[in-house]
């Protein structure tokens, strides 16, 4: 009887594993992708910020650095940059710098040219409540939250035109409802999905429709 019960449990576990594998998103963002009008923000608090490399490779030459967020002790504003392309978790960026309008005239010297950084701790402005399995509104919705609350982006994995493959960590201020296909890690919770409705303004919202699936 114990052997039979063990076989049932093992069979059930195998079925669940196969179901999870078959449910994997159809587009994991790998390979070189081009981005369209997307600005990123570096949320890396480490002193000295982030190294920018000549190629999407940790062994590539360092061509410069972009700095950690600026703060006056109260306000905190991340360095922004254009994201031109992505490749296997790396971002091709250009034009990094502070926004003197927001930092009260502060514009710290840093590398402004083209180069590659990893997408962890890089965010984008998102006005959406739905995350998709692929960069298309026709694909499955695998993450849902309140109106325009897919905003606490923890990392950028890839982009495809004006779509971004983003990640979100568990957040006490947000309630995520998700399909198992969106789960990168369960403990701690880390979700991944494609979103659009990108807002390239750091401190306020954009006057635009959300990036959710259009209603019929």
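Each value in this text was obtained by applying a stated rule to the coordinates, not by laboratory testing. All values derive from a computational prediction rather than experimental measurement. Virtual Cβ from ideal backbone geometry, glycine too; neighbours counted across all protein chains shown.
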task: State the Kirkwood hydrodynamic radius of the chain in Å, one decimal place, computed from all pairs of distinct Cα atoms.
output: 18.6
query: At 4 °C and 1.567 mPa s, what whole-number value in µm²/s does Stokes-Einstein give for the translational diffusion of segment 32-119, with Rh from the Kirkwood sum over Cα pairs?
result: 98
message: Under 10 Å, Cα contacts only: if you run a Gaussian network model on the chain, which one of 31, 161, 119 comes out with the highest mean-square fluctuation?
response: 31
message: Give me the tail of P(r) for segment 123-195 as a percent: Cα-Cα pairs with distance above 16 Å.
response: 39
message: Rounded to whole Å, give me the distance from the Cα center of segment 110-173 to that of segment 37-85.
response: 17
query: Of 100, 56, 147, which has the largest mean-square fluctuation in a 10 Å C-alpha GNM of the chain?
result: 100
- line: Plugging the Cβ-Cβ distance of residue 75 and residue 36 into 1/(1 + (r/R0)^6) at R0 = 30 Å yields, to the nearest 0.05, a FRET efficiency of 0.50
- line: Expressed as a whole-number percentage, the relative contact order of segment 137-213 with C-alpha contacts under 8 angstrom and at least six residues apart is 30
- request: Could you give me the radius of gyration and the Dmax of segment 154-197, taking only the C-alpha atoms into account and expressing both in angstrom?
  value: 10.7, 31
